[in-house]
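Notes follow the structure.
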Amino acid sequence: MRVKAIALALALWAVGAAVAAAQVPYVPAEFLSGHRRLQGNSITFCVYEDSPTYAFDRAVAEELAMALLLEPNFFEVKPPPFRLAQEDYVEELYVLLMDHCDAMVGFSLATDTYPDWLVLTRPYYWTPYVLAVTDPDYRQLSDIPRDKAIGTRLLTLVDVEFINFMSTLPKEQRWRRFPYVSDALLVQRLLDGTIAGALMWAPALYRETGGNPEALGIRVISTSPLRTIERPVGLAVRSSDAFLRAMLDEAIAALTQDGIIDELLERTGTLGRPDR
């Protein structure tokens, strides 16, 4: 493992690296302290405390810090229940990375629409979206009658994919789409029969069913003819910290090669796979 080289390069960055200017969102000054969190021997990660993959993401962050010979610190974030505007999330993220942490862990890399003041690492794992049903006769999405409703988690990757897929079908062959703003409500509506299937992120399904969807009569079936969708997950840092991003990329590659990501997935019971 190239730990020494990674740590040396990170130390050089910590004492002062060139900063590239980038357009940043407007945030009222009273919400920012402008305090840089990075210390010479530690790194602070922001992590969403209610994430279905909290234990795994935190364990990955600890291993990344170890690879960089840094002490890990954590700033736990509780997000609002739902955001209607991408701008709200961007502003929140900017404040977090300015005042509270050096990197956001557990960050979805599924879109390329983030602003230029933000840079993303390579994925440290990929995790699937699944189709959950209660009817034992269903084997794949195409088995569900077209007069039934399919539930989705609003504005997720699988929701967008489902919308695009249905736009290619004649109207009489389309399911009704019922979007929901929470995973808990999505599972509840599946269990009470409001929807015949739920397209959702696999870790969220297992969290909302206590890790055992089968005990509630829920099965995971094929999404065919909808293509299989996976969410890539990594870290986000400010573009002015692009050198840190490069060091994190090196550390992720080392953890993946050494089999540590696989071990953490198994230890935390997280559904997913390392980046290939």
Taking every pair of alpha-carbon atoms in the range 127-221, what share in percent sits in each 10 Å bin, from 0 to the bin with the longest distance?
17, 55, 25, 2
Give the peptides 181-187, 150-156 in descending order of average Cβ contacts within 10 Å, highest first.
150-156, 181-187
Antiparallel bridge percentage (DSSP; both residues within the range 127-221; nearest 5)
50 percent
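Coordinate-derived values only; no laboratory data. Since this is a predicted model, take the numbers as computed values, not measurements. Glycine gets a Cβ as well: all are built from the backbone with ideal geometry, and neighbour counts include every protein chain shown.
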